[in-house]
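Worksheet: the structure to be examined is printed underneath.
The values are calculated or read from the model by the stated rules, or taken from the named source; none is laboratory data. Values in this document were obtained by computation on a predicted structure and should not be read as measured data. Note that we place each Cβ from the backbone using ideal geometry, even for glycine, and neighbour counts take in every protein chain shown. Heavy atoms of the whole protein, side chains included, go into the accessibility calculation; ligands, DNA and RNA do not. Shrake-Rupley method; radii C 1.70, N 1.55, O 1.52, S 1.80 Å.
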Amino acid sequence: MHVRRRIHVSGIVQGVGFRPFVYRLAASHHLAGQIANTATGVVIEIQGKSEEVDDFVARLPAEAPPLALITGVAISEIGLDEDLEFRILPSDKSEAVRTLIPPDIAVCGDCLRELFDPGDRRYLYPFINCTNCGPRFTIARSIPYDRSRTSMSVFSMCPRCRAEYEDPVNRRFHAQPNACWDCGPRVELRDASGQRALSAEPIAHAAAQLRAGAVVAVKGLGGFHLAVDATNDEAVKRLRERKRRVEKPFAVMVADLEAAEQFCEVDGHDRDLLSRPGRPIVLLPRKESGLISADVAPFNKFLGLFLPYTPLHHLLFAKSSLQGLVMTSGNLSEEPIAIENSEAASRLVGVADYFLVHDREILRRCDDSVVRRVGGRVRQLRRSRGFVPVPVFLEKKHPVTLAVGGELKSTICLLKGNEAFLSQHIGDLENAEAYKFFQETAEHWQEILEVRPSLVAYDLHPDYLATRWALAQREMMAVGVQHHHAHIASCMAENHIKGRVIGFALDGTGYGTDGCVWGGEVLLSDYLAFERAAHLAYVRLPGSSAAVREPWRVAVSHLHAAFGPGLLELPIPFLRQVPRAKMLTVLRMMDRKVNSPLTSSCGRLFDAVAAVADLRHQVNYEAQAAIELEMCRDESAADQPYPFAINEADGALQIDSRPLFRAIVDDVLRGASAGQISQRFHDGLIEVLSRVAQILRERTRLNSVCLSGGTFQNIYLAVGLEQRLRGMGFEVFTHSQVPSGDGGLSLGQAVVAAHLNRSSKE
Ligand code: ZN
Ligand code: ZN
Ligand code: FE
């Protein structure tokens, strides 16, 4: 029996090779019909024997091209037609009104084979790509996504490339960056000034210089990297000095999976994760092989590894025979990554010995993404290249809303319908360059999504640059969202939660509704509002931001809370590490309440424990003390949790750390190691938080818990608390699509503002 069906497929199905795929699939089943692009995806009509049509329908989502993201399939029976074959209908001008730009994708296996095939016309061509791979988001100027609106528009295709591009069954059909030696972009190696071209063999020359220990700035997909041989101590040290980056870990690009296994413990899941088309940096437990320079990630048990993702990367490895290259973003300390050749030359002068550049412009800055596997799930630490601009799909539709994020690890978010578009990583909004990037990003996303939001959501911190920007917008109604409420709402949104939850928002800093520095918060929360049901009891934060860089300050504060002025007489090593005069100054500041705000920060609690355990008194990058405290954990001290007290005051449960610090001091006096202290602290924290959850469940009957905030990047705490709560019968929700840290904040801000707006109209 013959049937004809109409199939609407929605999602990312344009510009990803979907039509040729459907054409081939139909041909293999001897089916007739047609396919056309529509505003929301594609519509297929398919006709033939019913078994064949059934088979076609089943294979459609299962075998879709790697870049396709199908979000809906709707099928209806229609009357038979007279067509004898399957046709791809030409697109009309209004096509792709709503086509999403795909993310940037690593060079695919087919292209790699051609790249290294001496008989292929693109042999060793550093910009080889096809419908299944190559740059997308980073070369797109505007929508719809086609060549004339990308940075490839300045290259006109040669006849052979053009023929591939126009042939529906060719794997380069409508591959917008399609190019070859005859018609496409070129690579150039320049000297340390970034101005003068050096060599006829730029890649081979750069590879030789990397082998010799040089620092080479390499233009990638979303920006410049600074590359050095990861096994060369001197080279890595040189890079650290020149980039002015102390101790903060570098990521390492490895030649292939075998190289990854030499450096780190890599299991089957990790191999899959490393090999994902978006090629994120994956944090993996390092092997004590001694192969990688110790300076790549000092004091760290993990290494961030990633696989080559552009043809140029593959050529660099092939020509250098190196196994691992430090590939760190091309910038100075915390500025945004450089993307233009001239910008790189001026900003990285004195840092790079050579510049490996090319003439395909990067239009959108996009840093590498960072992920890790925790408790069997992939967690985002930085969601950027390879993930954006794919949206997070929400449970329901919302008015168009812009959210501007916080200050550190900033992203913005645009809500449109039931899709939440989180931007690429913008970085720390603490300098003019980053602020400029933030403004460009806000503009650009409104352009590519073709929306003008009427609402803008912002963090309550009055001094954040993003907050000031939001409040200066005249055409948008500004809605302030408390930092930790946004964290919990972000977790609720990606998990499609509707009701009220017990939300644990643990992080370093967020502006509280009372003006204090919050960060150890338990909120009874829905999208509209929250009640602060419990928090870490306040201590003073002497020196405010200085205390973030100098954990010893907050340690003094906690010891003062636990022991009073007698703290100075405690015979513990920590107190000998800090000059007495400095300590007295800090005590005086707290006493007079000068530059010493009250804080319930969980991040600062980790800092204080690290300092009292004599592990680290100053940090060189954000959260360093907490990270090192987690890593030094000594499991021989497991199941002896330190005590906390829970008091009730000011309408909330107060989690009191004074018993904790008294117990730590006792342990220090009997000679316990930092590792033992760390273990007992982690277990104590899990214990007290689960007790709080229990009390709140008894009071509210709520059984759903959300875990959010940067502190949950601590694996032991995240997994331990989740398991404990599950064991108690709670339903526990965590993040997997967006970071639990401030990189995911904008999503929560956006959904809260959208809900508030809706409820104000009802
Ligand atoms: Zn390809
Ligand atoms: Zn060509
Ligand atoms: Fe936060």
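Overview of values
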read-out	value
Count of the stretch 383-422 residues which are of a type in the set (S, T, N, Q), more than 23 Å from Tyr511 (Cα to Cα) and in a loop (DSSP other than H, G, I, E, B)	1
First in the stretch 741-762 and assigned by TED's automatic domain parsing to the domain that holds Leu414 and over 20 Å from Ser369 (Cβ atoms), second anywhere and crowded, with 24+ Cβ neighbours inside 10 Å and among the charged types (D, E, K, R), Cβ under 8 Å, 6 or more apart	Gln749/Asp459
Of all residues in the stretch 134-180 being within 14 Å of ligand 2 (Cβ to nearest atom) and hydroxyl-bearing (Ser, Thr, Tyr), the one that is surrounded by the most Cβ atoms within 10 Å (Cβ to Cβ)	Tyr165
Single condition Arg121 does not satisfy, out of (1) surrounded by 15 or more Cβ atoms within 10 Å (Cβ to Cβ); (2) farther than 24 Å from Thr38 by Cβ	(1)
Every residue from the stretch 584-604 that is buried (at least 21 other Cβ atoms within 10 Å of the Cβ) and in contact with a Phe, Trp or Tyr (Cβ under 9 Å, 6 or more places away or on another chain)	Val586, Thr599, Ser600, Ser601
Failed condition for Arg186, given (1) open to solvent by 20 Å² or more (accessible area, probe 1.4 Å); (2) touching a strand residue (DSSP E or B) at 6+ places or on another chain (Cβ under 8 Å); (3) more than 16 Å from ligand 2 (Cβ to nearest atom)	(3)
Any pair with Cβ under 8 angstrom, 6 or more apart, that starts in the stretch 606-628 at a residue that is open to solvent by 40 Å² or more (accessible area, probe 1.4 Å) and ends at one that is in a helix (DSSP H, G or I) and among the charged types (D, E, K, R)	Leu615/Glu628; Gln618/Arg549
Residue within the stretch 108-115 that is outside any loop (DSSP other than H, G, I, E, B), open to solvent by less than 30 Å² (accessible area, probe 1.4 Å) and touching a residue at least 24 places away in the same chain (Cβ under 8 Å) present	yes
Test result for Thr71, among the hydroxyl-bearing types (Ser, Thr, Tyr) and more than 21 Å from Asp146 (Cβ to Cβ)	yes
Hits in the stretch 516-549 - residues which are in a loop (DSSP other than H, G, I, E, B) and either of a type in the set (A, V, I, L, M, F, W, C) or open to solvent by less than 40 Å² (accessible area, probe 1.4 Å) (or both)	Cys516, Tyr527, Leu528, Ala529, Ala537, Leu541, Pro542, Gly543, Ser544
Single condition Lys498 does not satisfy, out of (1) outside any loop (DSSP other than H, G, I, E, B); (2) farther than 30 Å from Ile664 by Cβ	(1)
Residues located in the stretch 43-81, provided they are closer than 28 Å to Arg172 by Cβ and basic (Lys, Arg)	Arg59
Candidate set from the stretch 165-182 (those that are part of a loop (DSSP other than H, G, I, E, B), more than 20 Å from Leu356 (Cα to Cα) and out of contact with any strand residue (DSSP E or B) (no Cβ under 8 Å at 6 or more places or on another chain)); member that is farthest from ligand 1 (Cβ to nearest atom)	Asp182
Every pair of residues 6+ apart whose Cβ atoms lie under 6 Å, when the first sits in the stretch 230-252 and is within 19 Å of Pro308 (Cβ to Cβ) while the second is surrounded by fewer than 21 Cβ atoms within 10 Å (Cβ to Cβ) and of a type in the set (Ser, Thr, Tyr)	none
Pairs with Cβ under 6 Å, 6+ apart, first in the stretch 140-166 and free of Cβ contacts under 8 Å to residues at least 40 places away in the same chain and over 15 Å from Ala179 (Cβ atoms), second more than 16 Å from ligand 1 (Cβ to nearest atom) and open to solvent by 60 Å² or more (accessible area, probe 1.4 Å)	Arg149/Arg141
Test: residue in the stretch 702-713 that is more than 26 Å from the chain's Cα centre (by Cα), open to solvent by less than 40 Å² (accessible area, probe 1.4 Å) and touching a residue at least 40 places away in the same chain (Cβ under 8 Å)	yes
Options Glu188, Glu166: the member that is acidic (Asp, Glu) and either in contact with a Lys or Arg (Cβ under 7 Å, 6 or more places away or on another chain) or under 28 Å from Ser321 (Cα atoms) (or both)	Glu188
Test result for Val246, under 24 Å from Ile339 (Cα atoms) and outside any loop (DSSP other than H, G, I, E, B)	no
